[in-house]
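What follows is calculated from the coordinates using simple rules that are stated; it is not laboratory data. For clarity, every value in this text was computed on a predicted model and none was experimentally measured. Note: ideal-geometry Cβ built from the backbone for every residue, glycine included; neighbour counts use all protein chains shown.
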Amino acid sequence: MLKEKVLTREEIDAAIERLAARLNADLVGRDAVFVCILKGAVYFFTALTARLKESVVIDFIQVSSYGATTESSGTVILVKDLTVDISDKDVFVVEDIVDTGLTLADVIALLHARHPRSVRVVTLLSKPARRRKDVPLDFVGIEIPDRFVVGFGLDFAEHFRNLPEIWEYLPDQGV
Ligand code: IMP
């Protein structure tokens, strides 16, 4: 059941605008690759990268950890790998939400193994109360309390990604 709207489209857009402004100041002279973590980050990723003034390379990676529950399993499976070489590049990993941090920690380790110049993290949302792994978040859009949210890319069992706003979802009351 969708309980209540947590973030309006205006609030989401404003957060993306703020992140893009910070990234634009940071990107000058860098050889940057923006990596979208599929599928959840895709709406955020396109909105964000379309606001960047420098040319950047984009790529996509897909890992799986949740299945049809609201808890991270803590083990990440690589479903779709990058297609570009990131060695010596400044990599910006773009995530929809950081919850326990377990997924991101695994993705960062996987990327570091390919010898990038740097790896930084951009996330639209962060739930600091839920963190189990201390991953450095370089660019955070909005911190939210410990609620399960859907919309603007975020899903429950693959549903609700297309909603334009972000809603709290109560899973035990049925899709
Ligand atoms: P973590 O490994 O616990 O940090 O979880 C990261 C991933 O879990 C995110 O990329 C999301 O796909 C998913 N996730 C975490 N919290 C939520 C939520 O509130 N709604 C939807 N997906 C979530």
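Under a 5 Å amide H cut-off, with hydrogens placed 1.01 Å from N, Val149 pairs with Tyr169 among residues at least 5 apart or on other chains. Placing a label point 7 Å from the Cα of Lys53 along the Cα-to-Cβ line, the residues of the stretch 15-29 whose backbone N sits under 18 Å from it are 16-29. Using a Gaussian network model on the chain with a 10 Å cutoff between Cα atoms, which of Leu154, Leu23, Leu78 fluctuates the most? Greatest mean-square fluctuation among the candidates belongs to Leu78. Amide H to amide H distances under 5 Å link Gly40 with no residue, where only residues 5 or more positions off or on other chains count and H is placed in the peptide plane.
A Förster radius of 25 Å combined with the Cβ-Cβ distance from Arg114 to Asp26 puts the calculated FRET efficiency at roughly 0.70.
Neighbours of Val119, meaning other residues whose beta-carbon lies under 10 angstrom from its beta-carbon, give a summed charge of +2 when Lys and Arg score +1 and Asp and Glu score -1. Between Leu170 and Arg131, take the C-beta separation as r, use R0 = 25 Å, and let me know the FRET efficiency to the nearest 0.05. Efficiency, rounded to the nearest 0.05: 0.65. Here Lys53 is the anchor, and the aspartates and glutamates within straight C-alpha reach of less than 12 Å, apart from those fewer than 8 places off in the same chain, are Asp26. Close amide H partners of Val91, meaning residues 5 or more places away or on another chain with modelled amide H under 5 Å apart, are Val33, Arg117, Ser118, Val119, Arg120.
Ranked by the mean number of other Cβ atoms within 10 Å per residue, highest first, peptides 49-59, 102-112 order as 102-112, 49-59.
Dipole size of the stretch 8-145 about its Cα centre, with +1 on Lys/Arg Cβ and -1 on Asp/Glu Cβ: approximately 120 debye, rounded to the nearest 20. The phi-based Karplus calculation (6.51 cos²θ - 1.76 cosθ + 1.60; θ = phi - 60°) puts the 3J(HN,Hα) values of the stretch 133-150 at 10, 7, 8, x, 9, 7, 9, 10, x, 9, 8, 10, x, 6, 9, 8, 10, 9 Hz, whole numbers, x for Gly and Pro. Each part gets one Cα centre, and for the stretch 1-15 versus the stretch 17-68 those centres are 20 Å apart. Shown in residue order for the stretch 88-105 are the 3J(HN,Hα) couplings computed by the Karplus curve 6.51 cos²θ - 1.76 cosθ + 1.60 at θ = phi - 60°: 6, 9, 8, 9, 10, 7, 10, 10, 6, 8, 10, 10, 6, x, 5, 4, 4, 4 Hz (x for Gly and Pro).
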